[in-house]
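Q: What follows is a structure written as structure tokens; I'll ask about it next.
Nothing in this text is a laboratory measurement; each read-out follows from the coordinates by a stated rule. Computed from a predicted structure; not experimentally measured. Because the Cβ atoms are built from the backbone with ideal geometry, glycine has one as well, and the counts that use them run over all protein chains shown.
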Amino acid sequence: MTQAGVGLKIIGCGSATPTQILTNEQLSQIVDTSDEWITTRTGISQRRIADASQSLTSLAAKAAQAALSKAQISPEAIDLIILATSTTDDLFGSASKIQTLIGANRAVAFDLTAACSGFVFALNVAASFIRSGTYENILVIGADILSRWVDWSDRTSCILFGDGAGAVVCQATKQGDRFLACELYSDGCQNNCLNLSYQSESYPLVDSLEIGKGHFHPITMNGKEVYRFAIAKVPEVIEKVLFKANLKVEEIDWLLLHQANQRILDAVAEKLNIPPEKVISNLKKYGNTSAASIPLALDENIRLNKIKPGDVIVLAGFGAGLTWGAAIIQWGE
Ligand code: COA
């Protein structure tokens, strides 16, 4: 809480996924892999893939509209839109286009990139704006279409990713802060473990002046290093947020980690002594949807009536950067 006593509550959640499904069986027709290998090493069975008619903006706008409708708030009431994504339609940003698509005419809108940690980072930015009294209603979207950036000949990474979008509406409240704690981290020393990078080549422009002209290369990943990083850093950051919020592990109702790999979810839960029934997992159906994975799973479990008002949820994101972070929220008003 700030001195003014303003806190944050989440008043609505929504999500959207493409209808096309790519199964492990189909993947084994593209690269040398098998359903058995993918299932045992990752827990993923299928993923959703956007077709050419879909855009990051359209998917994100659909999730945003669902969240607004659940929150029963008009788009004009939104003050700020934060779009967490690494796969924007436009390098200048896609948030403004979403603002127009959903009719949030008053809102300021910007993109935020922190890969698979993006949603947790964006939620923390929203909390800061709300607690400072700058904005009252903030739409936070996590959306990614990684299928467009995957190297479909690299069996070590193409099996992991899928497309999706999720969104939440955050609102200022003076009746108790529901954003209990948050911690964010970055470590550029391990930046080369997971990249979707621009590679430039020398291009003569005029006289002796040259520019670096090039293009983005598909995702490269050191899976083992990312795995090690996740199971070391995620439990650590969760312990830190629990300490900050003055909560014990037993007081957590749900552990909602970025949906990267079932083995990572299991290892983190085991390290923290959190029983499997408290671990939210939907990666079997969607794979790793990057910034979308946490709000997508949150929305699904609210619709299934599993997450109930008052429940304490630990969210943790981790991924390229490397970046990682955790937040504790309490569901409901
Ligand atoms: N199908 C079949 N075999 C595969 C394969 C695939 N899709 N991908 C790799 N293999 C092979 C490897 O070539 C290797 O063969 P070898 O022993 O003959 O050399 C063997 O399987 C084991 O590979 P390894 O890399 O040790 O597997 P792993 O158990 O570490 O699992 C990942 C690989 C990618 C699933 C795992 O490291 C992981 O999930 N890492 C985290 C990645 C992640 O979450 N990234 C996103 C973070 S946001």
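Q: Net charge within 9 Å of GLY5 by Cβ-Cβ distance, Lys/Arg positive one each and Asp/Glu negative one each, not counting GLY5 itself? All intermediate terms of the calculation are to be shown ahead of the outcome.
A: Details: positive: LYS174; negative: ASP177.
Residues close to GLY5 contribute a combined charge of 0.
Q: Connecting C-alpha atoms closer than 10 Å in a GNM of the chain, tell me which of LEU22, LEU68, LEU59 has the biggest fluctuation.
A: Result: LEU22 has the largest fluctuation of those listed.
Q: Right, another one. Find how many whole Å separate the alpha carbon centroid of the stretch 154-183 from the alpha carbon centroid of the stretch 233-281.
A: What the calculation gives is 15 Å, centre to centre.
Q: Just to confirm my numbers, what's the Cα centroid distance between the stretch 11-44 and the stretch 300-319 in Å?
A: The two parts, judged by their Cα centres, are 22 Å apart.
Q: Multiplying the sequence separation of SER202 and GLU239 by 0.36 nm and subtracting their Cα-Cα distance, what value in nm do you get?
A: The SER202-GLU239 span can extend by a further 8.6 nm.
Q: If you don't mind, another one. If you plug each phi of the stretch 77-87 into the Karplus form 6.51 cos²θ - 1.76 cosθ + 1.60 with θ = phi - 60°, what whole-Hz ³J(HN,Hα) values come out, in order, with x for Gly and Pro?
A: 7, 6, 8, 8, 10, 10, 9, 8, 7, 10, 10
Q: What is the sum of charges, Lys and Arg at +1 and Asp and Glu at -1, for the other residues whose Cβ falls under 12 Å from the Cβ of THR87?
A: Details: positive: ARG148; negative: ASP89, ASP90, ASP111, ASP144, ASP163.
My count for the surroundings of THR87 gives -4.
Q: Okay, moving on. What is the list of residues in the stretch 302-333 whose amide nitrogen lies under 18 Å from a point 7 angstrom out from the Cα of LYS284, following Cα to Cβ?
A: Counting backbone N atoms under 18 Å from the label point, the list is 302-307.
Q: Could you work out how far apart the two model spin labels at GLU251 and GLN175 are, taking each label as a point 7 Å from the Cα in the direction of the beta carbon, and quote it in nm?
A: 2.2 nm
Q: Same structure, new question: Springs between alpha-carbon atoms under 10 Å, Gaussian network over the chain: tell me which of ASP51, ASP311, ASP111 tops the mean-square fluctuations.
A: Most flexible of the set in this elastic network: ASP51.
Q: Assign one of three labels to the stretch 178-279, namely rounded, prolate or oblate, based on the Cα gyration tensor with a ≥ b ≥ c the square roots of its eigenvalues; rounded applies when a/c is under 1.5, prolate when it is not and a/b is larger than b/c, and oblate otherwise.
A: It comes out prolate by the Cα gyration axes.
Q: Give the order of SER55, SER147 when sorted by the count of other beta carbons within 10 angstrom, beginning with the fewest.
A: Working: SER55 16, SER147 22.
Sorted ascending by nearby Cβ count, the order is SER55, SER147.
Q: Note down the nm distance, to one decimal, between modelled labels 7 Å out along Cα→Cβ at ASN191 and at ILE21.
A: Each label point lies 7 Å from its Cα, and together they span 4.0 nm.
Q: Then there is this: In nanometres, what is the gap between the two model label sites at THR134 and GLN72, each 7 Å from Cα along Cα-to-Cβ?
A: Distance between the two pseudo-spin positions: 3.0 nm.
Q: Would you be so kind as to identify all helices of the chain, as entire DSSP H runs, whose Cα atoms reach 24 Å or more along the helix's own axis and whose mean Kyte-Doolittle hydropathy is at least -1.0?
A: Details: long enough: 223-244 (31 Å, 0.22).
The answer, listed by residue number, is 223-244.
Q: Can you check what the net charge comes to around ALA326, using other residues whose Cβ is under 14 Å from the Cβ of ALA326 (Lys, Arg +1; Asp, Glu -1)? Don't skip to the answer; put the middle values down first.
A: Details: positive: LYS233, LYS240, LYS244, LYS271; negative: GLU183, GLU236, GLU239.
Its environment carries a net charge of +1.
Q: Ok, one more. Can you tell which of PRO275, PRO18, PRO218 shows the greatest fluctuation in a Gaussian network model of the chain with Cα springs below 10 Å?
A: Comparing PRO275, PRO18, PRO218 in a Gaussian network model of the chain, the most mobile one is PRO275.
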